Every structure is written in C-alpha cells, then in structure tokens.
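The values are calculated or read from the model by the stated rules, or taken from the named source; none is laboratory data. As the structure is a computational prediction, the values presented were derived from the model and not from experiment. Cβ coordinates were reconstructed from backbone atoms using ideal geometry, including for glycine residues, and neighbour counts include every protein chain displayed. Side chains included, ligands, DNA and RNA excluded: accessible areas come from the protein's heavy atoms. Shrake-Rupley method; radii C 1.70, N 1.55, O 1.52, S 1.80 Å.
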Amino acid sequence: MPAETIPPLQNGDRLTRAEFERRYQAMPDLKKAELIERIVYMPSPVRFGRHAQPHADLVSWLNYYRSKTPGLQIGDNGTNRLDEDNEPQPDVMLLIPQAAGGAARIDEVDYVSGPPELVAEVTASSVSIDLHAKLNAYRRNGVREYLAWRTEENAIDWFILREGRYDPLPVGPDGLIRSEIFPGLCLDPAALLRGDLPRLFQVLKASTQGDSHAAFLKRLQTAGSL
C-alpha cells in the first residue's frame, strides 16, 4: 500500500485538535500555527517593532519575576492544549505548578495541558483575534489572568477572571497594575510601553519584598519539596 499523504495545514482549515496536531507534526519546518475554536491560524512573518521587540520585553519582565519567585514555570511560544477545540501557542505563559495549586500540567508529550494561570500576548490592535476568539477561549477555559499588548494602539490590557468574565485589573494611584494571582507581580505599563527595562525591574524588585510574596514563595518551596 502507498504511504499515507498527510495534508499540509492551511490557514482557515477547520480541524479537530487531533487532526491539527497530526498535520502540524508532519510539517517540521513550520514555526507557528494555532487552533482557535477549531479554526487554523497561521500568522504572517513577525515584524520587529510591532511584535519581536515587545515580545522580548514581556518575556524579560516575567522572567525577572520568576527569578525572584523560584518554583514557577514559564513558557515562550509553547503549545497549550487548552481543550478539544483550542490549541494556541501563547507568546508567554506563566504557570503555578500543580503541586502548589496550579490548574495546568506538563503532559506526557511535554505540552502544557489545561489553563495556565497567566497568558500574555502581543497583538496588533483591539480588532485582532487575540482580543476576540482567543480571549474567549482563554476565558471559557479558566485562564485566570490575560495580558494583551496592543502595539499599534500603544496600550496594554490586563484582565482578571471573575465569575466567568474578564474584568480589567485596576490601575493603582501610583500608575501600577498588580496581579491578583501572583503576589508581587507588578507592572508599570508606561515603562513597558517605552521599553524601560530598568524601571520594570526596579518596580518588580520592590514589589517582591512584601509579606504576600514571601508567603507565596514559601508555598512554592513547600510544594517543590513534596
């Protein structure tokens, strides 16, 4: 019998997650494809100022927080088996390990399975998929915080999941936004928008010196020793 020919992924294909993975794995040179509500999305080449540089700054900010909070897990463009209709590849994921109460796990084939506690995406504008179909998939599956950086509009949205809906996290009187899931994770959005990493790190260093972060760190350390 002739060998089976696996069709290539095409933008706009409607597939099950299993078929999406089968076709994706047959295209080893493909860098990124996502399944959102059973529709395949294959992004265009990445522009530097609109995506690559902001993406790097987001990863730097979250990795600095992780350096102050050992025990957390972070992923850059990793596959997320969110549910049977959705397999996104978020720009950044921050996870609490299951042993410490996290909702997602690293499965038997080394994918993230289930909802990360925080997902961050760099997106062009408020009309993009990241703030519509993908946002709804994250919300419905219980991703507790979702950050979207709208580069064309020079704005940042950071949402918290409350009673099945995403509400914006409040901006404090000091201009900072604070996570409700990750103690000490604090963002100066103006600094992020202008690419001021020293200021971002300064804010994080100060915010990870409080009692709530110390208690969170102890929880992670206890879980890691089990």
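Considering only the stretch 155-174, state which residues are loosely packed, with under 13 Cβ neighbours inside 10 Å and either outside any strand (DSSP E or B) or β-branched (Val, Ile, Thr) (or both).
Of all residues in the stretch 155-174, those loosely packed, with under 13 Cβ neighbours inside 10 Å come to 162-165, 167-168, 170, 172-174.
Passing the criteria: Glu163, Gly164, Pro170, Gly172, Pro173, Asp174.
Give the stretch 49-77 a look and list any residue that's of a type in the set (Gly, Ala, Ser) and at pLDDT below 95, or say none.
Residues satisfying the conditions are Gly49, Ala52.
Give me the residue from the stretch 183-226 that is assigned to a loop (DSSP other than H, G, I, E, B) and touching a helix residue (DSSP H, G or I) at 6+ places or on another chain (Cβ under 7 Å) and, out of that set, surrounded by the fewest Cβ atoms within 10 Å (Cβ to Cβ). Outline the logic, then answer.
Within the stretch 183-226, the first condition is being assigned to a loop (DSSP other than H, G, I, E, B), and the residues that meet it are 183-185, 188, 194-196, 208-210, 225-226.
Filter once more, so that each one left must be touching a helix residue (DSSP H, G or I) at 6+ places or on another chain (Cβ under 7 Å): 183-185, 188, 195, 208, 226.
On the way: Pro183: 20, Gly184: 21, Leu185: 25, Asp188: 19, Gly195: 13, Thr208: 22, Leu226: 6.
Per the stated criteria, the residue is Leu226.
Given the options Ala18, Ala52, Ala26, name the one that is aliphatic (A, V, I, L, M), out of contact with any helix residue (DSSP H, G or I) (no Cβ under 6 Å at 6 or more places or on another chain), closer than 23 Å to Tyr146 by Cα and exposed (fewer than 15 other Cβ atoms within 10 Å of the Cβ).
Ala52
Hey, can you tell me all the residues within the stretch 31-49 that are open to solvent by 40 Å² or more (accessible area, probe 1.4 Å) and touching a Leu at 6+ places or on another chain (Cβ under 9 Å)? Before you say what the answer is, go through the steps one by one.
Restricting attention to the stretch 31-49, the residues satisfying the condition of being open to solvent by 40 Å² or more (accessible area, probe 1.4 Å) are 31-32, 37-38, 41-49.
Hits for the stretch 31-49 are Arg38, Tyr41, Met42.
Within the stretch 99-142, can you find the residues that are closer than 18 Å to Ala33 by Cβ, open to solvent by less than 20 Å² (accessible area, probe 1.4 Å) and in contact (Cβ under 8 Å) with a residue 40 or more places away in the chain?
The answer is Val122, Lys134, Ala137, Tyr138.
What number goes with the only condition from (1) open to solvent by 30 Å² or more (accessible area, probe 1.4 Å); (2) within 21 Å of Thr69 (Cβ to Cβ) that Ile177 does not pass?
(1)
State all residues of the stretch 123-154 that are modelled with pLDDT of 95 or more, charged (D, E, K, R) and part of a helix (DSSP H, G or I); if no residue qualifies, say none.
Arg139, Arg140
List every residue pair whose Cβ atoms lie under 8 Å apart, where the two residues are 6 or more positions apart in sequence or sit on different chains, the first residue falls within the stretch 203-226 and is touching a residue at least 60 places away in the same chain (Cβ under 8 Å) and charged (D, E, K, R), and the second residue, located anywhere, is open to solvent by 30 Å² or more (accessible area, probe 1.4 Å) and assigned to a helix (DSSP H, G or I).
Sorted first by the residue in the stretch 203-226, then by its partner, the pairs are Lys205/Lys68.
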